[in-house]
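Chemist: Take a look at the following structure, please.
The values are calculated or read from the model by the stated rules, or taken from the named source; none is laboratory data. Just so it is clear, the model here is predicted, and its values are computed rather than measured. Positions of Cβ are backbone-derived with ideal geometry, glycine not excepted, and every protein chain shown enters the neighbour counts.
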């Protein structure tokens with residue numbers, strides 16, 4: 001007559017169920033990994049490596065450049081988890097092409113010069129006013145242009161004044177381009193024009 005041992009039978013059941021559960025997890029894991037590269041965007045994927053073009057195409061580092069100087073562009077993840085993320089620049093840093101929100105020319109030289117005259121007729125540092133607020137109705141001398149010439153063109157871009165071309169009285173024509181920063185009261189020489197020009201219109 002066969003004896004019955006409940007504890008042994010229960011142990012066999014537990015071991016059997018554990019093996020089945022492990023096999024289920026392994027098969028599920030393999031199934032999910034097989035989805036990457038099937039040219040479809042499945043749940044949990046940002047892109048698919050099997051896609052050759054279009055919105056599901058997995059990005060490369062160069063694809064994450066949004067041409068916005070005020071964001072830090074990053075490629076995160078790999079394979080079907082690859083995606084671009086962009087973080088806004090909030091810290092002032094000169095010459096990076098970005099003027100973060102809340103910054104001004106005094107904190108970051110990438111910010112434009114702004115003129116805000118208050119009721120006490122005082123100009124903010126580096127501002128360009130139609131009339132100098134601190135000396136209303138008078139002229140003041142600033143740094144001299146490095147190259148003396150006539151017939152030049154002048155233009156203002158983001159608070160910087162550009163002196164372009166020109167000539168001497170004996171018609172010696174220049175290709176010179178010089179820029180004046182009213183905030184620092186300094187002139188800098190820029191790359192010259194490819195052709196000497198004088199008496200050219202500006203706007």
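Chemist: Six or more apart or on different chains, Cβ atoms under 8 Å: show the pairs whose first residue is in the stretch 190-203 and at positive phi and whose second is modelled with pLDDT of 90 or more.
Modeler: 199/151; 199/167
Chemist: Hey, could you check the stretch 18-41 for residues that are touching a strand residue (DSSP E or B) at 6+ places or on another chain (Cβ under 9 Å) and either outside any helix (DSSP H, G or I) or modelled with pLDDT under 55 (or both) and say which is surrounded by the fewest Cβ atoms within 10 Å (Cβ to Cβ)? Lay out the reasoning, then the answer.
Modeler: Residues of the stretch 18-41 that are touching a strand residue (DSSP E or B) at 6+ places or on another chain (Cβ under 9 Å), as a first pass: 35-41.
After this cut, where a residue has to be either outside any helix (DSSP H, G or I) or modelled with pLDDT under 55 (or both) as well, the list is 36-41.
Working: 36: 18, 37: 13, 38: 14, 39: 10, 40: 12, 41: 16.
Ranking the candidates gives 39 first.
Chemist: Now for a separate question. Would you check if residue 114 is loosely packed, with under 13 Cβ neighbours inside 10 Å, under 30 Å from residue 41 (Cβ atoms) and at pLDDT below 95?
Modeler: Numbers: loosely packed, with under 13 Cβ neighbours inside 10 Å: yes; under 30 Å from residue 41 (Cβ atoms): no; at pLDDT below 95: yes.
Against the criterion (loosely packed, with under 13 Cβ neighbours inside 10 Å, under 30 Å from residue 41 (Cβ atoms) and at pLDDT below 95), residue 114 does not qualify.
Chemist: So which residues in the stretch 42-92 are touching a helix residue (DSSP H, G or I) at 6+ places or on another chain (Cβ under 7 Å), part of a strand (DSSP E or B) and either in contact (Cβ under 8 Å) with a residue 24 or more places away in the chain or more than 30 Å from residue 104 (Cα to Cα) (or both)?
Modeler: Passing the criteria: 48, 75, 84.
Chemist: Do we have any residue at all in the stretch 183-194 that's more than 30 Å from residue 99 (Cα to Cα) and in a strand (DSSP E or B)?
Modeler: Within the stretch 183-194, the first condition is being more than 30 Å from residue 99 (Cα to Cα), and the residues that meet it are 194.
Okay, now just the ones that are also in a strand (DSSP E or B), so none.
Scanning the stretch 183-194 turns up no residue that is more than 30 Å from residue 99 (Cα to Cα) and in a strand (DSSP E or B).
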